[in-house]
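Below you'll find the structure, written out as structure tokens, and then a few comments.
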Amino acid sequence: MGDMGDIDANLELEGIDPSRVPVHVGCVMDGNGRWAKKRGLPRTAGHSAGEEALMDTINGAIEVGVKWLTVYAFSTENWKRPPDEVRFLMRFNEGLLLKHRDELNDKGVRIRFTGRRDWRVPRRLMKRMDDSCELTQDNRVMTLTVAFNYGGRAEIVDAVAAMIADGVPASRVSEKVIKSYMYYPDMPDPDLVIRTSGEYRISNFLLWELAYSELVFSDVLWPDFRRCHLFRAIREFQSRDRRYGGVEGL
Ligand code: IPE
Ligand code: IPE
Ligand code: MG
């Protein structure tokens, strides 16, 4: 019973109401390049340092009882970066999967990927993604969705194209039908979206889904992000009054 690690964890969880933990947390993992630059390192060193941040955030999310965690790993706009950095990110993500998927599987994490499957994503990485999804598909402790080659506008474009291809008549178009054409119709909308590195924008993350998400912006650069920052964001979330366009307290 209770070693020091548990005691620390309990202290960190203090002030969080376990009955109002956000079901779905989204995370825009930003600031890797700046973290590296501050240390005189290449940008890619910042991406590498993001690994520990990601694993600690995942473990913290499981600990606090988040059921869905979606992390933005590569956007449809990130192809604009120098080819070396893009290549690094592809290899890095493949390596991350190989290194952590068994441990995530043991913890009951279901891994999924959201985004466009296009020819620019190396086939080996695509295969690792598919394998990880298959391996973990029956897990239900938490669903970790990695947004990779993901763009919120691209998702809407793909949904509209699929609806037209299916011959959905204009009279049947509704929010419910559009949702059913999104990449993962079973995914609940995020309750809380966190963006690190002091940038106050969405950068094409989950545009349709975050209509009523609470947004928390943190100045911490992603490689320095840890579960304590996640818990802080959840406390902030719990202090907000979500009205959904209605009136307070009803
Ligand atoms: C986020 O960090 C990681 C990705 C977008 C892949 P950045 O690489 O955007 O870091 P900054 O914003 O340049 O500091
Ligand atoms: C958003 O960060 C995308 C990811 C974190 C993967 P960016 O660094 O690409 O966003 P901008 O360019 O600052 O808007
Ligand atoms: Mg950035």
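For region 126-135, which positions are away from ligand 2 (no atom under 16 Å from the Cβ) and surrounded by 11 or more Cβ atoms within 10 Å (Cβ to Cβ)?
MET126, LYS127, ARG128, ASP130, ASP131, SER132, CYS133, LEU135
Somewhere in region 207-228, is a residue among the hydrophobic types (A, V, I, L, M, F, W, C), part of a helix (DSSP H, G or I) and more than 16 Å from ligand 3 (Cβ to nearest atom)? Spell out the reasoning first.
Taking region 207-228 as the starting set, the residues that turn out to be among the hydrophobic types (A, V, I, L, M, F, W, C) are 207-208, 210-211, 215-217, 220-222, 225, 228.
Applying the additional criterion that residues be part of a helix (DSSP H, G or I) yields 222, 228.
From what's left, more than 16 Å from ligand 3 (Cβ to nearest atom): 228.
Yes, there is a match, as at least one residue in region 207-228 is among the hydrophobic types (A, V, I, L, M, F, W, C), part of a helix (DSSP H, G or I) and more than 16 Å from ligand 3 (Cβ to nearest atom).
Which numbered condition in (1) closer than 23 Å to SER75 by Cα; (2) crowded, with 16+ Cβ neighbours inside 10 Å; (3) under 16 Å from the mean Cα position of the chain (by Cα) is the only one that ARG201 fails?
The failed condition is (2).
Among the listed residues PRO169, PRO185, identify the single one that is surrounded by fewer than 16 Cβ atoms within 10 Å (Cβ to Cβ), more than 16 Å from ligand 3 (Cβ to nearest atom) and closer than 30 Å to ASP17 by Cβ.
PRO185
Can you tell which of ASP158, ASP138 is away from ligand 2 (no atom under 16 Å from the Cβ) and part of a helix (DSSP H, G or I)?
Exactly one residue qualifies, and that residue is ASP158.
Taking the conditions exactly as written (under 20 Å from PRO22 (Cβ atoms), crowded, with 18+ Cβ neighbours inside 10 Å and more than 11 Å from ligand 2 (Cβ to nearest atom)), does LEU144 satisfy them or not? Before the answer, list the steps.
Numbers: under 20 Å from PRO22 (Cβ atoms): yes; crowded, with 18+ Cβ neighbours inside 10 Å: yes; more than 11 Å from ligand 2 (Cβ to nearest atom): yes.
So LEU144 passes the test.
Considering ARG201, ARG235, which residue is within 30 Å of GLY50 (Cα to Cα) and not in a loop (DSSP other than H, G, I, E, B)?
None of the others qualify; the one that does is ARG235.
Take the residues of region 9-28 that are small (Gly, Ala, Ser) and outside any strand (DSSP E or B): which is farthest from ligand 2 (Cβ to nearest atom)?
The selected residue is SER19.
Every number here is computed from the coordinates shown, using simple stated rules; none is lab data. Computed from a prediction, not measured in an experiment: that's the story for all the values here. Cβ sites come from the backbone with ideal geometry, for glycine too, and all protein chains shown count toward neighbours.
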